[in-house]
1. Within the range 204-311, which strands (runs of 3 or more DSSP E) (wholly inside it) include 2 or more residues that are in contact with a strand residue (DSSP E or B) (Cβ under 8 Å, 6 or more places away or on another chain) and surrounded by fewer than 16 Cβ atoms within 10 Å (Cβ to Cβ)?
2. Identify, by number, the condition in (1) more than 19 Å from the chain's Cα centre (by Cα); (2) modelled with pLDDT of 95 or more that L191 doesn't meet.
3. Just the residues that are free of Cβ contacts under 8 Å to residues at least 60 places away in the same chain and of a type in the set (S, T, N, Q), please, taken from the range 184-222.
4. For the range 35-74, give me the residue count where each residue is open to solvent by less than 60 Å² (accessible area, probe 1.4 Å) and of a type in the set (K, R).
5. If you take the residues of the range 152-183 that are of a type in the set (D, E, K, R) and free of Cβ contacts under 8 Å to residues at least 60 places away in the same chain, which of them is farthest from D253 (Cα to Cα)?
6. Restricting to the range 3-28, name every residue that is surrounded by 14 or more Cβ atoms within 10 Å (Cβ to Cβ) and touching a residue at least 24 places away in the same chain (Cβ under 8 Å).
7. Run down F336, F328 and say which single residue is out of contact with any Pro (no Cβ under 7 Å at 6 or more places or on another chain) and either modelled with pLDDT under 90 or open to solvent by 10 Å² or more (accessible area, probe 1.4 Å) (or both).
8. Looking at the range 83-199, what helices (runs of 4 or more DSSP H) fall wholly within it and have at least 2 residues that are open to solvent by less than 20 Å² (accessible area, probe 1.4 Å)?
Amino acid sequence: MLATLLEDSHLATLERLPELVGKRAAAVGLSEILIMLADLREETLVALHPAEKHSFPVDASMAGRAFRDFTLIATARNGTQHFWVPLLDGTERLGVLGVAAADRSESTVDHVRALASLVALMLVSKRPHSDTYQRLVRAKPMAVAAEVVWPLMPPLTFATDNLVLTAVLEPAYDIGGDAIDYAIEGQVVHLSIFDAMGHDQSAGLTVALATGTSRSHRRRGANLVDISIAVDEVIGEQFGGQRFATGVLAELDFRTGVLTWVNRGHPPPLVIRQGRWLRQLQCRPSPPMGFRLPASPVLCHEHLEPGDRLLFYTDGIVEARDSHGRQFGLRRFADFIIRREADGCPAPETLRRLMRTVLDHQHGRLQDDASALLVEWQHNREKSLLVKTPNRA
């Protein structure tokens, strides 16, 4: 099944995947194949199948439960076993796969899980050049600035056996001035978060220049201080000192837990240790990037402990105001993350729920971009905290 499906996929378009998966899955007794994609805000699961109009709410459906909890769900109906299993690209949640089978034996569950793994890889290989994919995962039109920013983003979730990274950006369809970035180089992960002035197309261009300049100089081997200076120069040259971006550029050695960072006028990261808010990581901030002021950015260091959660964020989260002018606040932000950790909530689901809470606080309409990057580090951990082993029943 897997070999023939993989061979089929090389010349297939995204739209043909449901047909091909259904045809090959039948060879091992799997039927009623349903490929469901998560929308951009991870609120709804929508069917890839052209003839299907199915959709399920992430917070109130069996399919949504499989998505939220990273687990396989099996139920019996009319003598047939029905499965929902998350579609994961590594550890990025794409959606869920629905499958029916005659039994829930170990071999059947293995077939379902293997099929889901391959379907996820097929989706990832087809989505970069598919407008169909983008239309399906959007609940409304996207602003031009957001169209510029989103393609710059790496996958919003990534994990190794001792590292979990996950991020969220809102308002998803109107994001203009925020961006996150990361890249793995050996045992070091490069991290950055930027917040550009304004909320318009110029903000989108500013943060695009920040991200592109950071990547370009990082890949040439520049250090964090020099990268931040280069971003400062490029934005300043483009806008003549009329536009700027704040940001934190960091490196984490995930063998040792040593974190190194530069703060360019940005809110300091938070460290959560053993289920409590430890502190903000203070580092003498340098001016925001774009003014080309004569300043020497300071390189700061911190040694994380196994199990630490590190939070980078933009001020749109903590400064979100309700109808009475009350801010969401730093304490509420940290406490939310702590409570979800105590509940055993995986990191991506924690940030998904955080953004629902922030949006509710501001009645669904953010006045500023709000982004967060959550990093979990464990030394010599055998299994990532992100993914729970799927149930076999």
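1. Numbers: elements: 245-253, 258-264, 270-273, 276-280, 300-303.
It comes to 276-280, 300-303.
2. Exception for L191: condition (1).
3. Result: S192, Q201, S202, T211, T213, S214, S216.
4. Here is the first cut: in the range 35-74, the residues open to solvent by less than 60 Å² (accessible area, probe 1.4 Å) are 35-42, 44-49, 56, 58, 61, 63-64, 66-74.
Next cut, of a type in the set (K, R) only: 41, 68.
The number of residues fulfilling the criteria is 2.
5. Just the residues of the range 152-183 that are of a type in the set (D, E, K, R), to begin with: 161, 170, 174, 178, 181.
This time we only want the ones that are free of Cβ contacts under 8 Å to residues at least 60 places away in the same chain, so: 174, 181.
Values: D174: 34, D181: 16 Å.
Across the range 152-183, the extreme among qualifying residues is D174.
6. Once the filter is applied, which keeps residues that are surrounded by 14 or more Cβ atoms within 10 Å (Cβ to Cβ) and touching a residue at least 24 places away in the same chain (Cβ under 8 Å), the range 3-28 yields L5, S9, A12, L14, E15, L17, P18, V21, A25, V28.
7. Details: F328 fails: either modelled with pLDDT under 90 or open to solvent by 10 Å² or more (accessible area, probe 1.4 Å) (or both).
After applying the criteria, what remains is F336.
8. Details: elements: 106-126, 131-136, 144-149.
Filter on the range 83-199 gives 106-126, 144-149.
The values are calculated or read from the model by the stated rules, or taken from the named source; none is laboratory data. Source: prediction; values computed, not measured. Neighbour counts run over all protein chains shown; Cβ positions are idealised from the backbone, glycine included. We work out accessible area using only protein heavy atoms, side chains counted, and drop any ligands, DNA or RNA first. Shrake-Rupley method; radii C 1.70, N 1.55, O 1.52, S 1.80 Å.
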